[in-house]
1. (1) part of a helix (DSSP H, G or I); (2) free of Cβ contacts under 8 Å to residues at least 40 places away in the same chain: which one isn't true of Ala319, the others all being true?
2. What do you reckon, is Ala198 assigned by TED's automatic domain parsing to the domain that holds Leu75, in a loop (DSSP other than H, G, I, E, B) and over 26 Å from Ala554 (Cβ atoms)?
3. Take the stretch 540-598 and flag every residue that is hydroxyl-bearing (Ser, Thr, Tyr) and assigned to a helix (DSSP H, G or I).
4. Evaluate the following for Leu426: is it exposed (fewer than 15 other Cβ atoms within 10 Å of the Cβ), assigned to a helix (DSSP H, G or I), in the same structural domain as Phe606 (by TED's automatic domain parsing) and modelled with pLDDT under 85?
5. Picking from Lys295, Lys313, which residue would you name as being buried (at least 21 other Cβ atoms within 10 Å of the Cβ) and either outside the structural domain of Ile595 (by TED's automatic domain parsing) or modelled with pLDDT under 95 (or both)?
6. So is Tyr378 of a type in the set (Ser, Thr, Tyr), more than 25 Å from Asp563 (Cα to Cα) and buried (at least 16 other Cβ atoms within 10 Å of the Cβ) or not?
7. What pairs come up if the first residue lies in the stretch 458-472 and is outside the structural domain of Ile595 (by TED's automatic domain parsing), the second is at pLDDT below 95 and part of a helix (DSSP H, G or I), and their beta carbons are under 9 Å apart, counting only those six or more places apart or on different chains?
8. Test Phe376 against the stated conditions and say whether it is assigned to a helix (DSSP H, G or I) and of a type in the set (Phe, Trp, Tyr).
Amino acid sequence: MNASAPLPVPHSVQVRRFLTAVAVVVLASWFGSRVQNSGGRVQVMDIKIPTQNGQWVVADLYRPRTATAETPAPLVVVVPGFQRSKEALGNISLELARRGIVVIAIDPYAQGASSASQNSNAAATEGYGMFAVVDYAANTPNLNYVDKTRIGVTGHSAGGNAAIRGASFFGKQAKRAGKPSLLHSVFVSGYILTLTDAVLKDVRSNVGISYALYDEGAYRNELKNGDMRFAPEALRLVNSGAAAGAGKITEVKIGRYYGDSAERSLRVVHNEPLLHPLQPYAPSATANQIEYFDKVFALKHGLPSTDQVWYWKDVGGLAALVAGLVALVPLAGVLLSLPWFRALVQPVPPPLPRPRGAGRVVFWSLFVVGALVACFTYIPMSELSQRVFLAASNREPTWFFPQRMNNAVLMWALLNGTVGFGLFFLSYHFFGKRHGARSESWGAQTTAAELARTAGLALTLASSFFLLLFMVYGVFHVDYRSLFMGARVFQPEVVPQLAMYAPCFLVFFLSNSLRMNGALRLEGQPEWRSLLLGGLANSLGLLFILIIQYATLAWTGTVHWTDGWLYINLLFAVVPMMFVLPYFNRYFFRLTGRIYLGPMTTCLVFITILLTNTVSYLPL
């Protein structure tokens with residue numbers, strides 16, 4: 001092993017870069033928190049509510065300071081959809097709170113920091129925990145600033161299912177007791193499958209729905225499309241609020257209010273020209289929800305529905321996320337100047353010769369083959385994961401790989417990481433080493449002691465990332481988040497899961513680092529081009545899946561992969577991660593001259609982000 005090389009960037013420069021990145025995180029988070037709490041006019045705090053069977057629900061409570069015991073305000077419980085946490089619908093939460101509505105945004109059961117449920121059908125029978133929250137809010141004297149006669153619910157996707165199920169559940173209670181339902185009004189976004197006569201007959205609440213015209217799940221609807229004008233589901237909803245003896249409508253007027261809010265028979269249907277995962281983040285869809293609750297609660301706050309500020313919080317969250325990740329590189333540079341880690345700094349090996357002639361054919365053939373393998377193995381691996389990890393796939397509590405959706409990504413990553421290693425070494429053995437390629441250029445030489453020290457540095461870097469996030473959340477009550485991408489605060493329950501998932505994912509991360517630094521680092525190639533090529537090589541296969549899915553939707557009106565459409569939607573957050581991964585692998589390689597620090601660090605950080613942003617069926 002060579003003696004340690006000089007540091008590639010002076011210590012003082014790395015310190016300055018690290019402190020600058022941390023300053024961006026702090027300032028962006030402060031800015032996001034000021035948007036979230038409306039400049040101090042809304043109090044935002046964590047709450048935890050014990051529920052049935054030893055379960056619990058964690059939520060964010062938004063209390064406008066105008067809501068007091070003397071001037072109680074209506075309450076809306078916000079229920080995110082499948083794979084989402086309370087922060088995911090922070091846009092509607094803060095917009096309603098700006099308008100004087102108390103909001104409780106929950107982590108659904110088995111998501112975020114809430115417990116799992118003992119019921120495998122928690123959405124229908126417990127509203128993902130929302131039923132218990134409504135019961136608590138309606139009956140506790142603690143929330144004396146809430147008008148108990150004006151409690152509403154809104155949710156997207158599976159959260160929308162929970163909302164309409166709640167209207168039916170509390171409607172049955174009201175019918176038996178001869179009293180008004182605890183739920184004054186509900187708004188259902190992105191879900192219409194349970195708008196059936198069996199569910200609607202017990203509803204005693206105002207109901208609004210919002211369904212994306214180009215929703216990927218529309219093939220499941222009765223007319224197999226997302227057009228709500230003649231959809232039987234929408235017609236049943238509107239007619240369910242009609243007075244006895246009134247004629248049934250045969251076409252829904254989109255955006256028209258039917259019925260009477262005071263009698264809790266109000267119905268409205270919206271049909272925005274959007275995709276399912278983008279619907280919660282469209283200003284038009286957000287405006288429709290705002291107008292709905294303004295109408296049913298008869299609010300007079302003076303803010304038009306188009307006056308929205310939530311996207312500024314997302315700007316702050318995105319800046320904090322980027323800066324938090326970028327900070328890892330200079331922090332590594334700072335730590336590598338310490339005696340314990342100094343020995344990890346080795347000279348960066350020379351790049352490979354630029355391929356020419358047959359070498360170019362081999363190079364681009366492997367590039368295309370890798371992308372095609374990534375593309376055509378994703379859905380099969382998703383389907384296989386449902387058979388391999390039966391408990392999680394059946395929503396049963398388990399400690400053995402409990403994350404249903406990430407199990408699919410894991411199997412895809414393990415397969416593609418293995419294929420990546422195979423393609424790399426086969427191409428080297430049969431072609432590369434005969435045409436000037438040398439294994440010394442890979443930066444793969446190491447020892448067990450060096451690997452152990454590298455793992456210690458990676459663990460320190462990953463811990464620092466989440467420690468800073470923890471401090472930011474503790475002070476400002478915001479995490480690093482923009483739209484459906486975000487890094488949540490680390491939870492202790494993730495530790496045993498990380499021990500299961502990280503080694504499997506590490507195969508993919510290490511394969512990527514070897515490819516990025518041992519095959520895509522070429523003589524005479526500009527660094528920006530090498531990095532861009534690496535990002536495309538790592539993400540193009542998954543991007544092909546999105547292109548196929550949505551090109552088919554645009555052409556035929558139905559997505560290509562129907563049963564697996566939720567797994568495709570997961571890629572909206574995974575593809576950006578895959579694109580930036582090679583950049584970090586290259587930056588860490590330039591610091592150490594070895595391929596190992598990058599994948600060890602990014603695996604710990606990115607996989608922890610994945611694990612904290614999904615459904616996890618852990619035992620109580």
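The values are calculated or read from the model by the stated rules, or taken from the named source; none is laboratory data. Predicted, not measured: the structure shown is a model, and the values here were computed from it. In this analysis, Cβ positions are derived from the backbone assuming ideal geometry, glycine residues included, and neighbour counts consider all displayed protein chains.
1. Ala319 satisfies all of (1) part of a helix (DSSP H, G or I); (2) free of Cβ contacts under 8 Å to residues at least 40 places away in the same chain except (2).
2. no
3. Across the stretch 540-598, the qualifying residues are Tyr550, Thr552, Thr556, Tyr567, Tyr583, Tyr587, Thr592.
4. Here the answer is yes, as Leu426 does meet what is asked.
5. Result: Lys313 is the single residue among Lys295, Lys313 that is buried (at least 21 other Cβ atoms within 10 Å of the Cβ) and either outside the structural domain of Ile595 (by TED's automatic domain parsing) or modelled with pLDDT under 95 (or both).
6. In short, no.
7. none
8. For Phe376, the condition - assigned to a helix (DSSP H, G or I) and of a type in the set (Phe, Trp, Tyr) - is met.
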